[in-house]
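In what follows, a single structure is set out as structure tokens and then discussed.
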Amino acid sequence: MSISIFLFLALLFVIALLIVRALGRSAPARGEPPVTRGGPAAEQILAERYARGEIDEEEYSRRLATLRGAPPGGAPPGGAPP
């Protein structure tokens, strides 16, 4: 009988551990922006590359427009000037 109680408690522990790990993966850490396609994280990486000199101003502007959904060299969505 004591073995069955031990196995039951071990099973509960494993289930609780799996739930905590699953919940930890789904939410981003506090203070970190969510990683989304074309979102702030991508723009931040692009800005860092520009600041380090890996890309020039023209390429930065073109890629930023692409991330924001505007055609390269064109007006951003909504027709407002940049």
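The values are calculated or read from the model by the stated rules, or taken from the named source; none is laboratory data. Fair warning: this is a prediction, and the values are worked out from it, not measured in the lab. Because the Cβ atoms are built from the backbone with ideal geometry, glycine has one as well, and the counts that use them run over all protein chains shown.
Some notes on this structure:
- In the range 40-55, the residues that are closer than 20 Å to Gly69 by Cα and free of Cβ contacts under 8 Å to residues at least 40 places away in the same chain reach residues that are of a type outside the set (Asp, Glu) and outside any helix (DSSP H, G or I) with C-beta atoms within less than 7 angstrom, at least six apart or across chains, in these pairs: Pro40/Pro33; Ala41/Pro33; Ala41/Val35; Arg49/Ile55.
- Any hit, the range 60-81, residues being of a type outside the set (Lys, Arg), on the phi > 0 side of the Ramachandran plot, touching a Leu at 6+ places or on another chain (Cβ under 6 Å) and modelled with pLDDT under 85: no
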